[in-house]
Amino acid sequence: MTNDRTALTRSELADLLTDAAQSVGGIPAAEYPTAAARSYLHPVLGPLAAGPRVITELNDRFEGFVATEPRRAGSAGLFALASYASALGWLTESFAELTSSVDEICTRVGIPAEPRATIGTPTGRTDQDDEFDFAFNAIELEAVRNAAEAAGLAPDDYVEVLSQSLLAAARITDACMEISSGLLDDADLLSEVSDRPRLDNDPGSLPALVRSLLARMETTE
């Protein structure tokens, strides 16, 4: 059986990565209507709603890419394949973490607790390097109290779950920006005039996203 599939050009491969980068980069800015009773979830609802759609689109494009690329793909095709697969895996993992964080927030809100009348330091546990330090003026304090009342929460509880929501939103934003930036870096390399990406034994020749993932793995060991 012969393989008559034609490899994508370097320009087409670069466009594939660029389109993926734009899709991922738009996730943090996604909006979703939020009821007043759930205003503490506003920072995460947009990305949470947009993420699955983007992941599905990227996965469909990836499957199309794999089906189109010849089995014996050239170095440029392998380079793009590694970059795209890394981006898709990283994004999927990041949204699993976001979903888990939102689930924790919802569980926290649903747990009966003694109401607290004043706004102080949130008591929920967060990573020590990822804490928000809130200081409210009179107008902001009144706004928090109103929002807490609309959500049916004590002010302290509202601040706590809002801070968790902001942290989750910051994490998914950082992940999306890093993924998008890596895809664009790899697309730029594919767009260079040279005949092929610098694929050799030098770790610097790997796609930017692969290098980022390797670095993350080293820091967690």
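The values are calculated or read from the model by the stated rules, or taken from the named source; none is laboratory data. Computed from a predicted model, the values in this text were never measured in an experiment. Cβ atoms come from the backbone with ideal geometry, glycine included; neighbour counts cover every protein chain shown. Remember, those area values only see protein heavy atoms, side chains included, never the ligands or the DNA or RNA. Shrake-Rupley method; radii C 1.70, N 1.55, O 1.52, S 1.80 Å.
What the table shows:
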{"item": "Any hit, segment 44-51, residues being farther than 27 Å from Ser212 by Cβ, at pLDDT 90 or above and assigned to a helix (DSSP H, G or I)", "result": "yes"}
{"item": "Residue among Ser212, Ser191, Ser181 that is more than 24 Å from Ala30 (Cβ to Cβ), at pLDDT 80 or above and of a type in the set (Ser, Thr, Tyr)", "result": "Ser191"}
{"item": "Long-range neighbours under 7 Å by Cβ, at least six apart or interchain, first residue over 28 Å from Ala96 (Cα atoms) within segment 144-169, second part of a helix (DSSP H, G or I) and open to solvent by less than 10 Å² (accessible area, probe 1.4 Å)", "result": "Val144/Val159; Ala154/Ala148; Pro155/Ala148"}
{"item": "Test: residue in segment 154-170 that is touching an Asp or Glu at 6+ places or on another chain (Cβ under 6 Å), under 30 Å from Ala49 (Cβ atoms), surrounded by 13 or more Cβ atoms within 10 Å (Cβ to Cβ) and at pLDDT below 55", "result": "no"}
{"item": "Filter pass, Glu93 being charged (D, E, K, R), modelled with pLDDT of 85 or more and in contact with a Pro (Cβ under 8 Å, 6 or more places away or on another chain)", "result": "no"}
